[in-house]
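The values are calculated or read from the model by the stated rules, or taken from the named source; none is laboratory data. On a predicted model such as this, the values are computed, not experimentally measured, just so you know. Backbone-built Cβ (ideal geometry, glycine too); neighbour counts: all protein chains shown. Areas reflect the complete protein model, heavy atoms only, side chains present, ligands, DNA and RNA absent. Shrake-Rupley method; radii C 1.70, N 1.55, O 1.52, S 1.80 Å.
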Amino acid sequence: MAKNYFFIHLKTVMHHRRLVRKGCFSVGLYLQGLTHDLSKFSPEEFSVGMRFYQGVRSPNTEERKVLGFSKAWMHHKGRNKHHFEYWTDIRPETGKYGPVEMPPRYLAEMAMDRIAACKVYQGADYTPGSALAYLEKSREHAFMHPVTEAKLRCIFSVLEKNGEKAMYDFVKNTVLKGLPFGEEFIAKSESGRSNEE
């Protein structure tokens, strides 16, 4: 008989939400901290989380491996604005679907989400550079708006170089106030994309 992962998956989700809540509260995003990832408790997502529980990565990854796609992820990304995949629309200049830039409050929540995910899945191996390392090795740049990616990279660079408190201050006083930042990352991102085309 298969092991029942109900409680261990619930514990993982609750731990993740607690870490995101701490991050969101630290930058003043109280409502987002309280409501983060509530769709994970829906039957569409929670049942998949139990069935494909891994402990070291998202259950959606294993579901995708088994089925060729993840029903839970499709449910999740359409209901949670802190995922860049939510922010796609038909682009007027191309007439095709493509990424649009994320608003600052959801960019900030995405940063807190990714940091929390690294802490949960890496455990004792987590470092302040973990989120940036994950972003750099991922293939997301092809799907994320270049400004969103560059700004996320900048937030994670502040975390890696200066620590969590400095990153919270940066998000609260620069990102969420809509002040310009990350121009050097944006320039690198745009030149990298033009080289790929």
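May I ask you to verify whether GLU101 is acidic (Asp, Glu) and not in a helix (DSSP H, G or I)?
Yes: the conditions hold for GLU101.
Give the residue that is surrounded by the fewest Cβ atoms within 10 Å (Cβ to Cβ), with candidates limited to residues of segment 1-18 that are touching a residue at least 12 places away in the same chain (Cβ under 8 Å) and closer than 14 Å to CYS118 by Cα.
HIS15
Can you tell me which residue in segment 23-65 is farthest from GLN122 (Cα to Cα), limited to those that are without any contact (Cβ under 8 Å) to a residue 40 or more places away in the chain and among the charged types (D, E, K, R)?
Here the residue is GLU44.
Restricting segment 144-182 to residues that are among the aliphatic types (A, V, I, L, M) and outside any helix (DSSP H, G or I), which is surrounded by the fewest Cβ atoms within 10 Å (Cβ to Cβ)?
Ranking the candidates gives LEU179 first.
Which of the residues spanning segment 76-102 are more than 14 Å from the chain's Cα centre (by Cα) and either of a type in the set (Ser, Thr, Tyr) or under 22 Å from ALA150 (Cα atoms) (or both)?
Start the filter on segment 76-102 by keeping residues that are more than 14 Å from the chain's Cα centre (by Cα), which leaves 88-101.
Of everything in segment 76-102, those that are more than 14 Å from the chain's Cα centre (by Cα) and either of a type in the set (Ser, Thr, Tyr) or under 22 Å from ALA150 (Cα atoms) (or both) turn out to be THR88, ASP89, ILE90, ARG91, GLU93, THR94, TYR97, GLY98, PRO99, VAL100, GLU101.
Of the residues in segment 90-114, how many are under 20 Å from ASN173 (Cβ atoms), crowded, with 16+ Cβ neighbours inside 10 Å and not acidic (Asp, Glu)?
Residues that pass the stated criteria total 9.
Report, by residue number, each residue of segment 140-158 that is of a type in the set (Phe, Trp, Tyr) and either at positive phi or modelled with pLDDT under 95 (or both).
PHE143
So is ALA133 open to solvent by 30 Å² or more (accessible area, probe 1.4 Å), under 14 Å from the mean Cα position of the chain (by Cα) and farther than 19 Å from PHE6 by Cα or not? Working first, answer last.
Details: open to solvent by 30 Å² or more (accessible area, probe 1.4 Å): yes; under 14 Å from the mean Cα position of the chain (by Cα): yes; farther than 19 Å from PHE6 by Cα: yes.
Considered against the rule, which asks whether it is open to solvent by 30 Å² or more (accessible area, probe 1.4 Å), under 14 Å from the mean Cα position of the chain (by Cα) and farther than 19 Å from PHE6 by Cα, ALA133 comes out as yes.
Suppose we keep only residues that are loosely packed, with under 14 Cβ neighbours inside 10 Å and within 17 Å of the chain's Cα centre (by Cα) within segment 19-43. Which one would you say is nearest to TYR168 (Cα to Cα)?
LEU34
Name the residue, out of ALA124, ALA117, ALA108, that is within 26 Å of ARG153 (Cα to Cα) and more than 13 Å from the chain's Cα centre (by Cα).
ALA124
Are any of the residues in segment 117-125 touching a Pro at 6+ places or on another chain (Cβ under 8 Å), under 17 Å from ARG21 (Cα atoms), open to solvent by less than 70 Å² (accessible area, probe 1.4 Å) and assigned to a helix (DSSP H, G or I)?
no
Tell me the residue from PHE69, PHE84, PHE46 that is open to solvent by 80 Å² or more (accessible area, probe 1.4 Å), modelled with pLDDT of 95 or more and of a type outside the set (Lys, Arg), please.
After applying the criteria, what remains is PHE69.
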